[in-house]
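Below is one structure, written out as structure tokens, with a few remarks after it.
The values are calculated or read from the model by the stated rules, or taken from the named source; none is laboratory data. Here the structure is a predicted model, which means the values were calculated and not measured. Glycine gets a Cβ as well: all are built from the backbone with ideal geometry, and neighbour counts include every protein chain shown. In case anyone asks, the SASA skips ligands and DNA or RNA and just uses the protein heavy atoms, side chains included. Shrake-Rupley method; radii C 1.70, N 1.55, O 1.52, S 1.80 Å.
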Amino acid sequence: MIKRITVGVLFLVSGLIFAQNERLFPYRISLTGTTKPSEITEYFGKPHLATSSERYSEDGIALTYKEGDQIQEFSGFSLDAIPFTSEFGVIIEFKYAMVDGQTFNGRYGDGMSLFIYDSNKDFEIGAHGASLGYAYRNNEYETPNVAGLNGAYLGVGLDVYGDFKTRSIVEHEKREGIWGHNWSEVGSHITIRGGQLKNNRYKGYPVLYTINANKKWTINRARLAYDTGEYDFYEEQGLKTFEMHTGYDVKGNIKYNKVIVGVTPSAKGGTELEVRVADDRGEGVFIRGLHYPDAFKTFDQEGNLYNFETTIPANFKIGFAAATAGAYQKHLVKDIVVRLPYEPEMEDLVVFFCHKKEDNEGRSVDFDVYDDTYFYSGSLTNRPTGGNSSNFVDYTSFRFEDEEGYAISSNPFKYVEQGVGTWEYDGNRTVVFTAERDDLEKGEYSIYYSAKGVDKGPNGGPFGEDVYRSRPTKLTVLVDGCKKLINPNLPIKAIVE
């Protein structure tokens with residue numbers, strides 16, 4: 001029987017504490033439990049169906065859903081317990097599904113949004129309906145205006161109905177956006193909106209970019225011209241397409257798309273944006289290198305040109321919202337991952353250890369721990385390069401640790417596992433595992449390590465800072481009775497996403 005043995009956490013040896021704070025990145029939350037996660041703060045529009053089993057399930061958090069004859073038409077949540085620094089930028093991944101429902105004018109609705117906002121602001125969601133919980137909704141009637149998201153910096157809308165991108169001029173729903181274009185397909189747009197105008201939650205949130213998810217060979221996208229406030233309309237021919245309303249597969253399982261949003265510092269000031277989407281047919285880039293400056297011209301809800309200004313917050317939080325109505329559908333979100341741009345790319349490694357004495361001289365096997373890794377170097381704003389030589393990897397930053405990233409020994413280069421053997425790093429590229437005895441029991445014996453890049457400081461990039469330390473990367477020795485039929489030092493690579 002194969003026995004799995006993994007190094008445990010060692011917190012205290014000879015009175016010295018070796019553990020350090022657990023890494024923040026990558027941050028993961030599945031949202032697939034049956035109760036509200038403690039990390040989130042929620043908002044519900046009426047009716048408030050928060051106790052519904054439809055809300056929390058292994059399918060993810062449902063932002064809109066039915067319970068009997070009632071529909072939760074609008075809700076959202078924030079990862080309110082976790083602020084992230086904007087210094088290095090951020091990559092946000094999540095899976096979503098849009099299922100069930102009924103169409104209105106041939107479209108489902110309304111859609112959902114991912115948003116980034118100032119962590120110093122309380123979580124106060126934007127307006128319902130086509131505002132998708134992000135933008136405002138002004139009203140000329142007696143009903144008060146509805147403010148946009150508090151502290152808003154960026155909103156990414158999966159606009160299945162199609163109104164999140166438009167300027168609305170009806171009396172009960174005024175909002176700035178794109179006006180006067182006859183789209184070949186109104187719905188299924190990925191739409192980027194900027195933040196609020198300074199401290200005004202009833203103005204701003206301008207549309208920076210929109211692109212249709214499943215139309216090619218036609219005018220399918222628009223981009224704000226920052227010097228004039230007008231929009232440039234053009235076609236994207238090389239675009240991968242996907243269905244925004246995901247539905248079910250042939251076996252009746254919910255289909256999910258994965259969305260990846262990148263926000264990185266720009267050499268021109270402000271940020272650069274990227275949006276990728278993956279479905280069961282592969283992944284495509286829908287928005288790349290979109291510059292989001294701190295100031296530009298745009299038109300307000302009345303069609304008047306004005307100067308928009310914003311500032312990326314020093315620290316921000318992330319949230320999601322969805323809305324539906326006559327064009328009903330159920331919106332689900334799960335498996336959120338937040339990571340840094342240009343993180344080290346690591347591979348878990350496995351080597352065979354033959355427990356016959358004649359197969360392993362010295363009872364040792366070794367790993368080239370940087371083989372097929374990739375560490376970045378250079379400025380974040382100038383597309384850093386990378387590699388795995390000493391030009392890119394700080395070999396002295398190596399340390400053994402546990403699966404959660406805690407140091408497990410006072411000597412970062414050596415760990416003795418009682419009854420098993422010794423793991424030792426040579427200070428260059430090699431980790432050697434030496435078994436304690438010839439007849440080591442068959443099984444898997446594992447340890448984790450991490451390292452950093454060589455750069456540190458504003459002139460060399462941030463890759464030598466602790467925040468850019470690589471993920472805990474697994475080294476496994478697989479003990480078996482090889483009898484020299486294989487090369488025991490030949491590594492098996494196991495890629496972990």
Sorted by chain and number, the residues with a modelled amide H under 5 Å from that of Gly204, at a separation of 5 or more or across chains, are Leu197
The computed P(r) of the range 169-271 puts the percent of Cα pairs beyond 24 Å at 39 percent
Largest-first ranking of Trp179, Trp217 by accessible area, probe 1.4 Å, whole protein assembly kept, is Trp217, Trp179
For Val365, the accessible surface traced by a 1.4 Å probe with all protein chains present amounts, in square angstrom to the nearest 10, to 0 Å²
Reduced to Cα centres, the span from the range 65-129 to the range 299-335 in Å works out to 9 Å
Rg/Rh over Cα atoms for the range 284-391, Kirkwood Rh, comes to 1.20
Per DSSP, the loop-located trypsin sites (Lys or Arg not before Pro) within the range 150-201 having at most 12 other beta carbons within 10 Å are Lys198
Going through Lys95/Lys198; Lys95/Lys216; Lys165/Lys334; Lys268/Lys334; Lys95/Lys165; Lys216/Lys255 one by one, the pairs whose alpha carbons sit over 29 Å apart turn out to be Lys95/Lys198; Lys268/Lys334
Scalar couplings 3J(HN,Hα) for the range 391-401 by Karplus 6.51 cos²θ - 1.76 cosθ + 1.60 (θ = phi - 60°), nearest whole Hz, x for Gly and Pro, are 5, 10, 10, 7, 4, 6, 7, 4, 7, 7, 7
Per DSSP, the loop-located GluC sites (Glu not before Pro) within the range 312-413 having at most 13 other beta carbons within 10 Å are Glu404
Given (1) 1.04; (2) 0.96; (3) 1.17 as possible values of Rg/Rh (Cα atoms, Kirkwood Rh), the one from the coordinates is (1)
1/(1 + (r/R0)^6) with r = Cβ-Cβ of Asn150 and Arg437, R0 = 51 Å, i.e. FRET efficiency to nearest 0.05, evaluates to 0.20
Heavy-atom accessible area of His181, protein chains in place, probe 1.4 angstrom, given in Å² to nearest 10, is 60 Å²
In whole Hz, the Karplus estimates of ³J(HN,Hα) for the range 212-219 (6.51, -1.76, 1.60; θ = phi - 60°; x where Gly or Pro) are 6, 7, 9, 10, 10, 6, 7, 5
Result for the chain: accessible area per residue, probe 1.4 angstrom, in square angstrom, of 44 Å²
Sorted by chain and then number, the residues having a modelled amide H within less than 5 Å of the amide H of Thr64, at least 5 places away or on another chain, are His331
Expected unfolding gain across Asn139-Lys121 under the 0.36 nm per residue rule, minus the alpha-carbon gap, is 4.0 nm
For the range 247-346, the dipole about the Cα centre with charges only on Cβ (Lys and Arg +1, Asp and Glu -1), to the nearest 20 debye, works out at 340 debye
If every Lys and Arg gets +1 and every Asp and Glu gets -1 at its Cβ, then about the Cα centre the chain yields a dipole, in debye to the nearest 20, of 400 debye
Taking placed amide H atoms and a strict 5 Å upper bound, the residues 5 or more places from Ile287 or on another chain that come that close are Val275
Among Gly204, Gly270, Met244, the residue whose Cα sits farthest towards the positive end of the charge dipole of the range 187-335, when +1 is placed on the Cβ of each Lys and Arg and -1 on the Cβ of each Asp and Glu, is Met244
Surrounding charge for Ser78, neighbours by C-beta under 11 angstrom, Lys/Arg +1, Asp/Glu -1, total -3
With +1 on the Cβ of every Lys and Arg and -1 on the Cβ of every Asp and Glu, the dipole magnitude of the range 51-204 about its Cα centre, in debye rounded to the nearest 20, is 580 debye
